[in-house]
Amino acid sequence: MAAHRSVGVGRSFSALLTRSYPVCSYHGTGLTRPPLHKVARSPIPQQTADMFIRNMFIQTQDTPNPNSLKFLPGRVVLEAGTMDFAGPRDAYCSPLARQLFRIDGVKSVFFGSDFITITKADGQTEWKVIKPDVFATIMDFFTSGLPVVNEADAPRADTAPSEDDDEVVAMIKELLDTRIRPTVQEDGGDVLYRGFEDGIVKLKLQGSCTSCPSSIITLKSGIQNMLQFYVPEVEGVEQVKEEDVDVEKEVQ
């Protein structure tokens, strides 16, 4: 059944690419940072009521990535933050993610506050084949009473501003958390801060953004432009791949 499909770089980030930012006097000299005005939300994407099972009303929503689809179970998925499972080995802390990976054709799983993004392996696998199994798995899980995530086993990925951050890094993190991440999450993904070195902001894309054809445009024309506008010290934005993160952990 038909669902709204975004055009170009994505529904939410089209606002970042076209909007005119307010004039700002911050130049990294210790002056008071400029106020962050609430970004205007784009119209709510059309959702399709795909399946009503027992007492669950599950909807799906397209993302800019044709291989990723958002499933909205009408329940709280995560109380706070997001979680990305790039493969079955990453799902050790989540009973729900482990069950979803048992479905043939599922490549990755991503949890948001009230949605689950499923990314299929390739364009050859059709959604009409995968969706019934995903619906059944989500329904069975939420009626089982099991926790979505075992908190004791869950990895910590806190990238919120801390007392150790200098003013530039704190500004970058604040922009990410208040202006950028909410719009990316609307499209079924997320972006996490991974460092700032020699003028380059290192970011990790998650969920539908990981393999999205528009991810480079989103990084350069959306995120980079906004960060450079508010933080002149930012010279560019670089995507950190999953394998790069693993190498850094081994070195540390």
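Computed quantities for the displayed model
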item	result
Residues of the stretch 147-171 that turn out to be closer than 15 Å to Leu78 by Cβ and modelled with pLDDT of 90 or more, as a count	3
Criterion violated by Tyr230 - all others in (1) over 26 Å from Thr117 (Cα atoms); (2) modelled with pLDDT of 85 or more; (3) surrounded by fewer than 16 Cβ atoms within 10 Å (Cβ to Cβ); (4) not basic (Lys, Arg) satisfied	(3)
Subset of the stretch 196-226 (residues that are within 20 Å of Gly81 (Cβ to Cβ) and in contact (Cβ under 8 Å) with a residue 40 or more places away in the chain)	Lys204, Gln206, Gly207, Ser208, Cys209, Thr210, Ile223
Answer residue from the stretch 115-125, given it is touching a Gly at 6+ places or on another chain (Cβ under 8 Å) and of a type outside the set (Ser, Thr, Tyr) and is nearest to Val184 (Cα to Cα) among those	Phe115
Residues satisfying the stated conditions in the stretch 168-191, i.e. in contact with an Asp or Glu (Cβ under 8 Å, 6 or more places away or on another chain) and without any contact (Cβ under 8 Å) to a residue 40 or more places away in the chain	Lys173, Arg181
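The values are calculated or read from the model by the stated rules, or taken from the named source; none is laboratory data. As the structure is a computational prediction, the values presented were derived from the model and not from experiment. Cβ sites come from the backbone with ideal geometry, for glycine too, and all protein chains shown count toward neighbours.
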